[in-house]
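One structure is given below, encoded as structure tokens.
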Amino acid sequence: MLLKQLGLALPAYLLATQGSALGLADSAYGYKKERFSPDWKSLQGYQVPEWYKKAKFGIWAHWGPQCEPEYGDWYARGMYEEGSDQYNYHVRKYGHPSQFGFKDVIHQWKAEEWNPEDLVNFYKRVGAKYFFAMANHHDNLDLWNSSHHYWNSVNLGPKKDIIGGWAKAAKKAGLPFGVSVHAAHAWTWYETAQHADKKGPLQGVPYDGKLTKAAGKGLWWEGLDPQELYVQNHPLSSTENNLNIHAQWHWGNGVALPSKEYCELFYKRTIELIDKYEPELIYFDDTVLPFHPINDIGLKIAAHHYNKSIQRNKGRLDAVVFGKILDEMQRQCLVWDIERGQSNVIEPFTWQTDTCLGNWHYDKRVYDRKGYKSARTVVQTLVDVVSKNGNFLLNVPVKGNGSIDEQERAILEEVAAWMQVNSECIYDTTPWKILGEGPALENAAPLSAQGFNEGKGKPFTSEDIRFTQKGNILYAVLMGWPEDGVARIKSLSEGNILWPGAIHNIKLLGGPALTCQRSNTALSIQLPDLRTQQQYAVVLKIT
């Protein structure tokens with residue numbers, strides 16, 4: 001019924017099966033029945049681990065071969081979109097995509113300045129309590145020593161085990177390790193590589209998306225099959241509108257459905273990633289789970305991940321799986337991830353926002369225009385998310401060579417300075433009775449699809465306050481320093497049902513004890529003449 005509602009036309013091999021939409025028996029994957037089995041009823045027994053609830057803040061390296069051109073997100077798709085900025089840049093820098101495709105960009109990527117231990121240690125000093133690395137993107141290159149997929153970073157490009165290096169560095173730093181997996185959608189995402197220019201001197205000359213192994217004779221990729229990377233030996237989706245990729249993200253609206261072999265290979269690659277590198281966190285860039293709702297591969301991976309964590313940790317489940325656009329039942333099974341956005345309420349289940357200092361993939365244009373998020377925005381977003389029972393995952397774009405730039409370092413140093421003084425209002429806290437007060441909350445922007453409401457609401461001011469708590473301690477975070485030096489908290493007014501008792505002590509974190517006056521309109525607190533560069537998130541500790 002759900003498939004019909006989504007407008008999915010099933011191919012013959014799906015129609016011939018029962019149970020799993022792909023007809024892939026548990027035995028085909030060597031699956032053993034353990035605490036979790038691959039169905040929603042079983043996964044509803046999941047409990048978010050306490051370590052993750054307490055951690056609140058993670059940093060992510062969303063880094064791969066698409067960072068080599070340093071020209072923004074979805075480069076391996078955009079370079080095949082005639083007339084786009086990325087297409088024009090690609091032609092100038094590398095040549096026409098019929099002659100120099102994304103496989104050739106991979107060949108140029110060397111990651112020669114990558115030092116995972118230095119970066120992870122820096123992120124830990126900034127305040128991250130867990131670390132994420134991208135394992136593959138929609139470009140379909142595995143960034144580990146994959147035994148199921150020859151197109152990987154050990155055989156090609158930098159010839160380094162990227163995930164192995166990150167995992168080793170995270171373990172040494174004592175940070176839980178996470179991986180993000182994006183490759184399920186390569187099947188449709190790469191469809192632009194099947195096109196050709198519609199005008200100009202190379203009009204009608206196909207791009208390299210449908211090349212086969214035979215075409216590589218005498219070239220650097222001789223003996224390799226580009227179809228193992230591009231997987232474009234299939235008809236295009238029902239529309240050639242490049243923007244339709246978003247409408248088809250849930251495998252509906254005329255999308256070209258993936259083959260059984262493609263889905264099986266994705267499963268094997270992902271299971272190997274889990275078994276070989278033992279991440280505790282897996283982020284899927286998918287609606288709900290990979291290939292949902294056309295098969296149960298995502299459910300099989302989630303169950304396997306949870307069971308492996310239990311085995312590894314002697315009966316304790318420390319693992320997390322993240323999915324997007326989840327319903328209430330699914331939020332009992334996975335952690336809801338909101339991309340570049342925030343919920344506007346205190347959520348009953350732990351959730352996560354993921355966002356980025358700039359673009360997901362490194363973009364030199366953002367650096368040139370000094371367009372990164374400020375430390376102010378990072379800290380205020382962190383506080384806002386934590387007040388709503390969420391965790392905050394921040395991507396720091398990594399250059400093609402494996403380093404981060406000095407602007408990013410300066411921003412993170414400022415975040416580190418704020419965390420050094422104020423982190424007790426973040427780590428190991430829970431939401432208060434309300435998340436906060438102020439004009440920004442009254443003008444919050446609604447979520448759009450999987451998120452995308454950040455920066456669309458009213459900017460924070462000193463009237464905007466967010467609350468967290470730890471035991472009998474309440475933290476009130478002012479999103480600005482009041483012009484008259486007096487903080488006014490309406491939610492703590494005399495006789496307010498939110499705090500009916502007395503207030504015995506108020507302290508400015510990093511500063512002195514403070515005096516206050518309580519009226520029937522607000523708790524008024526006289527702040528010291530102590531404005532600093534961190535005045536955009538002033539933390540009051542109240543008992």
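Computed quantities for the displayed model
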quantity	calculated
Qualifying residues in the range 464-489 (those that are more than 21 Å from LEU394 (Cβ to Cβ), charged (D, E, K, R) and at pLDDT 95 or above) - the one surrounded by the most Cβ atoms within 10 Å (Cβ to Cβ)	ARG488
Matching residues in the range 191-209 - criterion: being under 30 Å from VAL255 (Cα atoms), surrounded by fewer than 16 Cβ atoms within 10 Å (Cβ to Cβ) and not charged (D, E, K, R)	ALA196, GLY200, GLN203, GLY204, VAL205, PRO206
Lone unmet requirement of (1) part of a loop (DSSP other than H, G, I, E, B); (2) at pLDDT 50 or above; (3) surrounded by 15 or more Cβ atoms within 10 Å (Cβ to Cβ) for TYR52	(1)
Subset of the range 421-435 that is closer than 17 Å to LEU508 by Cα and in contact with a strand residue (DSSP E or B) (Cβ under 6 Å, 6 or more places away or on another chain) - its residue that is surrounded by the fewest Cβ atoms within 10 Å (Cβ to Cβ)	ASN422
Residue within the range 252-268 that is over 24 Å from ASP142 (Cβ atoms), in a loop (DSSP other than H, G, I, E, B) and free of Cβ contacts under 8 Å to residues at least 60 places away in the same chain present	no
Any chance LEU435 is within 30 Å of GLU68 (Cα to Cα) and either hydrophobic (A, V, I, L, M, F, W, C) or within 19 Å of the chain's Cα centre (by Cα) (or both)	no
Close pairs (9 angstrom Cβ cut-off, 6 or more residues apart or separate chains): among the basic types (Lys, Arg) in the range 68-94, surrounded by 18 or more Cβ atoms within 10 Å (Cβ to Cβ) and in a helix (DSSP H, G or I) anywhere	ARG77/GLN86; ARG77/PHE102; ARG77/TRP189; ARG77/TYR190; ARG77/GLU191; ARG77/THR192; ARG77/ALA193; ARG77/ILE245
Residue in the range 215-227 that is farthest from GLU264 (Cα to Cα), counting only those that are surrounded by 14 or more Cβ atoms within 10 Å (Cβ to Cβ) and not hydrophobic (A, V, I, L, M, F, W, C)	GLY216
Candidate set from the range 79-99 (those that are more than 12 Å from PRO69 (Cβ to Cβ) and hydroxyl-bearing (Ser, Thr, Tyr)); member that is surrounded by the fewest Cβ atoms within 10 Å (Cβ to Cβ)	SER84
Residue list for the range 350-376, filter: among the hydroxyl-bearing types (Ser, Thr, Tyr), within 20 Å of ASP337 (Cβ to Cβ) and either crowded, with 21+ Cβ neighbours inside 10 Å or free of Cβ contacts under 8 Å to residues at least 24 places away in the same chain (or both)	THR353, THR355
Selection status of LYS33, among the basic types (Lys, Arg), modelled with pLDDT under 95 and within 20 Å of TYR306 (Cβ to Cβ)	yes
The listed residue being closer than 26 Å to PRO439 by Cβ and not in a helix (DSSP H, G or I), out of GLN380, GLN342	GLN342
Tally, over the range 269-287, of residues that are surrounded by fewer than 22 Cβ atoms within 10 Å (Cβ to Cβ) and in a loop (DSSP other than H, G, I, E, B)	1
Criterion (surrounded by 21 or more Cβ atoms within 10 Å (Cβ to Cβ) and more than 21 Å from the chain's Cα centre (by Cα)) met by exactly one of PRO258, PRO290	PRO258
Pair list, Cβ under 6 Å, 6 or more apart: the range 135-149 residue within 22 Å of GLU280 (Cα to Cα), other residue modelled with pLDDT of 95 or more and of a type in the set (Asp, Glu)	ASN136/ASP142; TRP144/ASP161; ASN145/ASP161
Which listed residue, of THR188, THR212, is buried (at least 22 other Cβ atoms within 10 Å of the Cβ) and either in contact with a helix residue (DSSP H, G or I) (Cβ under 9 Å, 6 or more places away or on another chain) or closer than 13 Å to ALA61 by Cα (or both)	THR188
Residue in the range 257-266 that is closer than 23 Å to MET79 by Cβ and of a type in the set (A, V, I, L, M) present	no
Scope the range 509-526; condition hydrophobic (A, V, I, L, M, F, W, C) and either part of a loop (DSSP other than H, G, I, E, B) or at pLDDT below 95 (or both); matching residues	LEU509, ALA513, LEU514, CYS516, ALA522
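Yes or no, residue by residue, for (1) under 20 Å from the mean Cα position of the chain (by Cα); (2) modelled with pLDDT of 95 or more; (3) under 21 Å from PRO65 (Cβ atoms):
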{"site": "PRO226", "(1), (2), (3)": "no, yes, yes"}
{"site": "GLY252", "(1), (2), (3)": "no, no, no"}
{"site": "THR270", "(1), (2), (3)": "yes, yes, yes"}
{"site": "LEU281", "(1), (2), (3)": "yes, yes, no"}
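The values are calculated or read from the model by the stated rules, or taken from the named source; none is laboratory data. Please read all numbers here as calculations on a predicted model, not as lab measurements. Methodologically, a virtual Cβ is constructed for each residue, glycine included, from the backbone with ideal geometry; neighbour enumeration extends over all protein chains shown.
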